[in-house]
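Structure first, then comments.
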Amino acid sequence: MTFINYIMSLGASVMMPIIFLILGLCIGMGFGKSLVSGLKVGVGFVGLSVVTQLLSDNIGPAVNAMVKTYHLHLYTLDIGWPAASQVAFATSVGAIIIPLGLLVNIICLLIGATKTLNIDLWNYWHFAFIGSIVYFATNNFWWGMFAACVTIIVTLIGADRSQKKAEDFYGKDLIGISIPQAFCVSFIPYAVIVNWIIDRIPGLNKIDIDANKMKEKFGVLGDPIVLGIIVGVLIGILARYSLAKILQLGVILAAVMVLIPRITSLFIEGLSPIAKRTQSLVKSHFKGKDFNIGMTPALVIGHPVTLVTSLLLIPIILFLSVIIPGNQFLPLASLSGLIYIFPLVLPYTKGNVFKTLLVGIVSLVLGVLSATTLAGIFTKAVKIVQASLIPAGTSSVASIDFASSPLAWLVYEGTVNLPIIGAIAIAAIVIGLMIWNRNQIKKGL
């Protein structure tokens with residue numbers, strides 16, 4: 001295991017302060033400022049982990065109760081993204097993913113195929129994941145490398161194309177910052193398509209509810225903290241909890257709605273100085289060129305529409321999973337991570353709760369089918385890497401992140417099941433996207 005992958009294995013809360021301390025020193029921020037920035041990011045990850053664990057610990061039993069009450073058992077068990085990240089870094093592809101990702105990124109910058117410098121090193125595990133499962137499926141290092149590189153390039157292009165919309169929607173916190181996280185980027189096409197369809201349906205195109213309008217239209221019921229209580233109470237009732245446990249779940253979800261936005265401010269405080277210094281340094285070496293700094297989506301996951309739609313999706317996707325033809329995957333452990341579907345969806349729906357919820361439903365309906373398809377290789381990889389991650393009596397496992405991503409599914413299917421024709425088609429599409437993105441960048445778009 002390389003030194004940097006050893007650091008990655010320590011987890012985000014330990015890894016991020018170390019990485020950003022080193023990065024800050026490399027870009028000349030000085031030890032003190034680099035240390036403070038890194039620690040703020042680390043504390044942010046600790047806070048986010050605590051809150052999402054709180055959510056998981058309380059949603060998990062409620063979901064399990066619903067599974068038993070309504071007989072929602074399906075064949076493939078959701079074991080969450082931690083298992084996926086372990087699979088990601090456990091191969092020769094995962095071992096070199098950070099230097100590989102940075103090298104591909106720099107080459108794309110030099111040839112003008114991207115204007116994003118991706119320093120969100122923690123989320124490189126997504127690139128490693130697709131590379132690793134392709135490696136396990138083909139037993140070929142080079143196919144794994146191909147899959148990882150393709151995912152890196154597509155993610156950079158998606159980050160470029162969404163940056164202006166994200167900056168306009170989220171405001172000053174994302175000026176000059178893009179989000180090159182593969183899971184987030186992969187849902188942009190769904191947002192574009194669903195948004196386009198709804199805008200052309202009379203009646204539906206008039207529904208416009210954003211965070212502010214929720215408060216204006218529904219009064220206290222439109223406040224995110226109250227919505228958290230409502231959704232928590234609804235889930236508690238569906239789980240057939242006692243009154244005390246129903247109310248407790250409502251208060252906990254309300255707390256999540258309040259705490260996540262507060263925690264994201266720590267990421268902004270920690271990452272902003274690094275982003276500004278990196279932008280200045282890069283621009284000084286590439287005069288006349290415009291660059292964005294690729295950062296974690298944790299900067300913006302605290303948006304109230306993200307939180308509201310994520311909570312609303314929990315009961316919806318549980319029941320849809322049972323009736324979707326061909327689905328064998330029931331989301332459980334990953335439900336607390338649904339917030340990561342939306343960071344790059346909101347800029348396209350303009351924060352419209354109705355549109356965002358529909359995008360979320362489409363994303364998860366297709367996502368559980370993707371997870372079902374990839375469950376075989378996912379299970380094989382987990383058994384090789386760490387079989388203890390698979391609960392006793394379970395023969396098939398998967399995860400929403402990254403197995404429900406359309407990008408992961410397309411790259412895997414094209415590389416593994418159509419190894420020559422698929423790879424040629426994927427390579428042609430990626431080269432076409434690079435040329436198109438380069439032309440868009442030249443036009444100042």
Point to revise | Compactness relative to 2.2 N^0.38 Å, alpha carbon Rg of the stretch 1-154 | key: 1.24
Practice item. Would you calculate the separation in nanometres between label points at Cys26 and Trp436, each defined as 7 Å from the Cα along the Cα-to-beta-carbon direction? Key: 3.2
Study note, to complete from the structure: At R0 = 41 Å the Cβ-Cβ FRET efficiency linking Ile429 and Val14, nearest 0.05, sits at 0.60
**Study point:** Proximal charge balance of Leu346 [Cβ under 10 Å; K/R count +1, D/E count -1]
**Key:** +2
Review point. For the stretch 336-445, what is the Kirkwood estimate of the hydrodynamic radius, computed as the reciprocal of the mean inverse distance between distinct Cα atoms, to one decimal in Å?
Key: 16.5
Exercise for review: For Lys68, list the aspartates and glutamates whose Cα falls under 20 Å from its own Cα; do not include residues on the same chain fewer than 8 positions away.
Suggested key: Asp57, Asp78
**Study point:** Calculated diffusion of the stretch 260-414, Stokes-Einstein form, Kirkwood radius summed over Cα pairs, 37 °C and 0.692 mPa s, µm²/s
**Key:** 185
Check your understanding: Per the Kirkwood treatment, what hydrodynamic radius in Å, one decimal, follows for the stretch 234-336 from the mean inverse distance over all distinct Cα pairs?
Key -> 17.2
Check your understanding: Hey, rough spin-label estimate for Ile420 and Ile193, points 7 angstrom out along Cα→Cβ, what's it come to in nanometres?
Key -> 3.0
Review point. Within the chain, which complete DSSP H helices have Cα atoms spanning at least 27 Å along the helix axis and a mean Kyte-Doolittle hydropathy of 0.5 or higher?
Key: 31-69, 243-285, 304-323, 353-386, 421-442
Exercise for review: Determine Rg/Rh for the stretch 342-401; Rg is computed over alpha-carbon atoms and Rh is the Kirkwood hydrodynamic estimate from the same atoms.
Suggested key: 1.18
Practice item. Per DSSP H run of at least 4 residues, take -39500 (n - 2.57); add these up for the chain, divide by its residues and hand me the 222 nm value, nearest 500 deg cm²/dmol. Key: -22500 deg cm²/dmol
Point to revise | Over the chain, relative contact order from alpha-carbon pairs under 8 Å, at least 6 apart, % | key: 25
Study note, to complete from the structure: Output ordering of 235-241, 365-371, 42-48 (per-residue mean of other Cβ within 10 Å, highest first) is 365-371, 42-48, 235-241
Study note, to complete from the structure: Surrounding charge for Ile317, neighbours by C-beta under 15 angstrom, Lys/Arg +1, Asp/Glu -1, total -2
Practice item. Find the eigenvalues of the gyration tensor of the Cα atoms of the stretch 87-195, then list the square roots of 5 times those eigenvalues as equivalent ellipsoid semi-axes, largest first, in whole angstrom. Key: 26, 15, 12
Check your understanding: Could you name the aspartates and glutamates in cross-link range of Lys442, using Cα to Cα under 18 Å and dropping any fewer than eight places away on the same chain?
Key -> Asp160, Asp290
Practice item. Work out how much length Leu445 to Lys350 would gain on full extension: take 0.36 nm times their residue separation and subtract the Cα-Cα distance, in nm to one decimal. Key: 32.3 nm
Exercise for review: With only alpha-carbon atoms counted, please give the Rg and Dmax of the stretch 280-351, in Å.
Suggested key: 18.1, 56
Point to revise | Debye log10 I(q)/I(0) at q = 0.20, 0.27 Å⁻¹ for the stretch 26-105, Cα point scatterers | key: -1.08, -1.15
Practice item. Using a Förster distance of 22 angstrom, determine the FRET efficiency expected from the C-beta separation of Leu247 and Val322, and round it to 0.05. Key: 0.20
**Study point:** FRET efficiency estimate (nearest 0.05) - Cβ-Cβ, Lys383 to Ile106, R0 51 angstrom
**Key:** 0.90
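No lab work stands behind these numbers, since they all come straight from the coordinates. If you're wondering where the values come from, they're calculated on a predicted model, not measured in any experiment. For neighbour counting, all protein chains shown are included, and Cβ atoms are generated from backbone atoms with ideal geometry for every residue, glycine included.
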